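To start, the structure under review is shown below, and the notes come after it.
Computed from the coordinates by the stated procedures, all read-outs in this text should not be read as laboratory data. Nothing here was measured: the structure is a model prediction, and the numbers come from that model. In this analysis, Cβ positions are derived from the backbone assuming ideal geometry, glycine residues included, and neighbour counts consider all displayed protein chains.
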């Protein structure tokens, strides 16, 4: 883990009052939130970094997991459409429809909208 | 002085319209994304199950169809799934690690079949062991999809009463009734570069095909040849050079000599007749089926002819409406290792009746892990179905229930037998073309 002094040297922080050049001030303003986000790993002197405390006190352990992702995970796990490892979800949906298995239309619409995760549940984990 | 003018009539070679159908065997567009072979088995099961479900009502109309998990004891039903053959003698990598070093039974020299082999039917819900005398395990191999009629016994096995195979696929058009004889020459196993290949024999073959041999009658016969298909194993690269060590410059030239010989030969053929060359197990192409076409840069002089075509293995094409489908023989060799049969054409017939060219892929035959299709599934019945690099020449004409007619050809290795095969497209008759260089005086 890098020590505090290394990080401080990397993100050059200048005093906000009387900022000499605009870009540098901008950099320092950008530096503090990013510093705050990784506060837990880089050991800063901020005790309760705001980024980690959200959702009314609950810890933010789920990353982009919501209702549509749940529907897609059920599609991944459904045995009727075959194995899901090593295929993108769109490819698996198209294979299912090509083989006449009638995959659910709403899953297809979700996948085509492109706002959801394209890879299956096990991608990168198995 | 009267000058006797002899009319020199040019004999013209006949021509046929060629149409390549190798697209499904090419893997340029495929990308490996960490998939496993379960994907290709899934695709195969679904393709064939849909097909078998449509055939079951005419076969056993009064019986219900269920999945393996839905089997109820003592109730007769029909199940559809992939066959798996458990073989005692099949070499398994886990045997090396097993703690008990029991005495392994002696393996027969030509295959791994044993009387204790049994079959299991598997679909995505489960698997069940098959019992009964209807199915003879030595007839089948792993990877075929069939429908079985029977019932579950108390012991948990499935007692088979009847079996339904997919049967010959529908044939598109019957072969056009050509008025004239047009011949296709098949040759395989030239094995140039090996000690068993006889250069004089090969040159005789090339000279005969190109019309440089024989009197006018012979030349007229040769002019009726419209296509040459080389079904694999054209080179044999000296194996002792490929041991992982750096090659000395003089060894490097030894490595490329067989290919250069093939190139010279192919130039002679391609200069006068359309030629298709397929890769075989010993050729410089990839190992897994479907083998990709041999690269053009291997044949610098013959590839410049537009009659030269480098094709995939398996190879599918159409000449004047007659459909051809064939391989360089790996599928049949693998089949032979795991089942019993009297001759190679019988294996060819079985694979066609099961509608799958290489059922043992990917179990024991190397195969690319396709995800959404199985290119070895035969959708449309060919008129000619061949396999190269076999031990001897064999041929059979089979007919299907819907009037399909298929000529099966087992092409022998040329380096061993000196025999090529000629097929007449007009009536699908087939005969051997042998060349000998030994004279017995």
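Segment B:246-305 and segment B:359-388 have Cα centres lying 24 Å from one another. Placing a label point 7 Å from the Cα of residue B:401 along the Cα-to-Cβ direction, the residues of segment B:325-354 whose backbone N falls under 15 Å of that point are B:353-354. Ranked by the mean number of other Cβ atoms within 10 Å of their residues, highest first, the peptides B:48-54, B:383-389 come out as B:383-389, B:48-54. The rule of thumb for compact globular proteins, 2.2 N^0.38 Å, goes into the C-alpha radius of gyration of segment A:66-120 0.99 times. Considering only beta bridges that DSSP places wholly inside segment B:106-172, some 80 percent are antiparallel.
Within 10 Å of the Cβ of each residue in B:241-251, the mean number of Cβ atoms contributed by other protein chains is 0. A Förster radius of 35 Å combined with the Cβ-Cβ distance from residue B:427 to residue A:94 puts the calculated FRET efficiency at roughly 0.20. Would you mind telling me the antiparallel percentage of the DSSP bridges in segment B:142-253, rounded to 5? The antiparallel fraction comes to roughly 50 percent. If both residues of a DSSP beta bridge must be in chain B, then about 60% of such bridges are antiparallel. Each of residue B:118 and residue B:195 was given a label point 7 Å from its Cα along the Cα-to-Cβ line. The distance between the two points is 4.8 nm. Let a ≥ b ≥ c be the square roots of the eigenvalues of the Cα gyration tensor of segment B:298-441; is it rounded (a/c under 1.5), or, if not, prolate (a/b larger than b/c) or oblate? Judged from the Cα gyration tensor, segment B:298-441 comes out rounded (a/c under 1.5).
The angle between the Cα long axis of helix B:344-353 and the main principal axis of chain B comes to about 60°, on a 0 to 90 degree scale. Within the P(r) computed for segment B:275-361, what percentage of the Cα pairs occupies the region above 23 Å? Roughly 32 percent, rounded to a whole number. Multiplying the residue separation of residue A:115 and residue A:78 by 0.36 nm and removing their Cα-Cα distance gives an extension gain of 11.2 nm. Counting Cβ atoms of other protein chains within 10 Å of each residue's Cβ and taking the mean over peptide A:102-114 gives 0.
To the nearest 0.05, what FRET efficiency results for residue B:257 and residue B:11 with a Förster distance of 22 Å applied to their C-beta separation? Calculated transfer efficiency: 0.05. Computed from Cα atoms, the angle from the helix B:38-59 axis to the main principal axis of chain B rounds to 80 degrees. Taken along the Cα-to-beta-carbon direction at a fixed 7 Å, the label points for residue B:438 and residue B:204 span 1.2 nm.
The packing ranking of peptides B:179-187, B:78-86, highest mean first, is B:78-86, B:179-187, where packing means the average number of other beta carbon atoms within 10 angstrom of each residue.
When peptides B:139-148, B:199-208 are sorted by average Cβ neighbour count within 10 Å, with the highest value leading, the order is B:139-148, B:199-208. Assuming a ≥ b ≥ c are the square roots of the Cα gyration tensor eigenvalues, decide whether segment B:132-222 counts as rounded (a/c under 1.5), prolate (otherwise, with a/b larger than b/c) or oblate. Since a/c reaches 1.5 but b/c is at least a/b, the shape of segment B:132-222 is classed as oblate. Peptide B:32-40 has a mean shielding of 4, counted as Cβ atoms of other protein chains within 10 Å of each residue's Cβ. How would you classify chain B from its alpha-carbon gyration tensor, with a ≥ b ≥ c the square roots of the eigenvalues: rounded for a/c under 1.5, else prolate if a/b is greater than b/c, otherwise oblate? The shape class here is prolate. If you plug the beta carbon distance of residue B:221 and residue B:343 into 1/(1 + (r/R0)^6) with R0 = 35 Å, you get a FRET efficiency near 0.80. The slack between residue B:110 and residue B:271, meaning 0.36 nm per residue of separation minus the straight C-alpha distance, is 53.8 nm.
Here the residues B:131, B:339, ranked from fewest to most Cβ neighbours within 10 Å of their Cβ, fall in the order B:131, B:339.
Spin-label model, residue B:246 to residue B:86: label points 7 Å out along the Cα-to-beta-carbon direction sit 5.3 nm apart.
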